[in-house]
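Student: Next up is a structure, given as structure tokens.
The values are calculated or read from the model by the stated rules, or taken from the named source; none is laboratory data. Note that the structure is a prediction, hence the values are computed from the model and not measured. Cβ sites come from the backbone with ideal geometry, for glycine too, and all protein chains shown count toward neighbours. Surface accessibility is based on the protein's heavy atoms, side chains included, excluding ligands, DNA and RNA. Shrake-Rupley method; radii C 1.70, N 1.55, O 1.52, S 1.80 Å.
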Amino acid sequence: MNSRSEMLRRRDRKVFGWALAVAVALHVAVFVLFPGFRFRVFHAGEVELGSGSRSGSPAVSVEVVFGAPTITDHAGVEWPEPPEHILEAGRVVPVPGECASAIGRTRLPVTGSVRLIVGGSGRASVAHMVQSMGEPCADEIMKVVAEALRYLWLPSERFPNPVDLVQPVTLTSVE
């Protein structure tokens, strides 16, 4: 003879099993029917910083953090990348002479964003500022560093050439 608690446990296990099976089936269906929901982890090696330079300008050493970009497809739909798609980078960048001394007085970190056009090679070119960092010299540094980006995963089948994206940038250190 089975006790009441044993019958309830057996029933709960059966309900849990069916609920788990339905959840798995729904997840599989969503990933098969909507490939846009697929998740891909990008590693720091998939985005490169090139070596663009402006001759004759003084240089400063900067540390920046590129946040997860938001890509706009050709239909005008915005696709934010997962928040873990960030890149921390340090590099020496040329700046206009008047900025070399002014940038040291900027309170860091400062954040802004820039609209980029990514060509067939994955190289980015600055279209315009979306959100200023609040300091013209910091904006200039953001443009120089953002223009040196090379996206190894763009363009793609989902986002054909040219790719329009908004890249958030945080300037964390200037020396």
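Student: Can you list residues whose amide H is under 5 Å from Arg123's amide H, if they're 5+ apart or on another chain and H is modeled 1.01 Å from N?
Tutor: Tyr151
Student: Using the Karplus curve 6.51 cos²θ - 1.76 cosθ + 1.60 with θ = phi - 60°, what ³J(HN,Hα) values do you get for each residue of segment 119-125, in whole Hz, with x for Gly and Pro?
Tutor: After applying 6.51 cos²θ - 1.76 cosθ + 1.60, I find x, x, 7, x, 6, 9, 10 Hz.
Student: Using every Cα-Cα pair within segment 75-152, state what percent have a distance larger than 21 Å.
Tutor: 33 percent
Student: Which whole-Hz ³J(HN,Hα) couplings does segment 134-149 yield from phi under the Karplus relation 6.51 cos²θ - 1.76 cosθ + 1.60, θ = phi - 60°, glycine and proline marked x?
Tutor: x, 9, x, 5, 5, 4, 5, 4, 4, 5, 4, 5, 5, 6, 8, 5
Student: For His128, what accessible area in Å² do you get when you roll a 1.4 Å probe over the heavy atoms of the protein chains, rounding to the nearest 10?
Tutor: 90 Å²
Student: Return the long-range amide H neighbours of Trp79 (sequence gap of 5 or more, or a different chain), with a cut-off of under 5 Å between placed amide H atoms.
Tutor: Ile71, Thr72, Asp73
Student: Using amide H atoms built 1.01 Å from N in the peptide plane, name the residues 5+ places from Val169, or on other chains, whose amide H lies under 5 Å from its own.
Tutor: The answer is Gly67, Gly112, Ser113, Val114.
Student: Within 12 Å, Cβ to Cβ, of Ser132, how many net charges do the neighbouring residues add up to if Lys/Arg are +1 and Asp/Glu are -1?
Tutor: Local net charge: -2.
Student: With a Förster radius of 25 Å, plug the Cβ-Cβ distance of Ala29 and Arg158 into 1/(1 + (r/R0)^6) and report the FRET value to the nearest 0.05.
Tutor: Working from the Cβ atoms, E equals 0.80.
Student: Can you work out ³J(HN,Hα) from phi for every residue in segment 59-74, in order, using Karplus 6.51 cos²θ - 1.76 cosθ + 1.60 and θ = phi - 60°, giving whole Hz and x for Gly and Pro?
Tutor: Once rounded to whole Hz, the list reads 10, 10, 8, 10, 10, 10, 10, 8, x, 5, x, 10, 9, 9, 7, 5.
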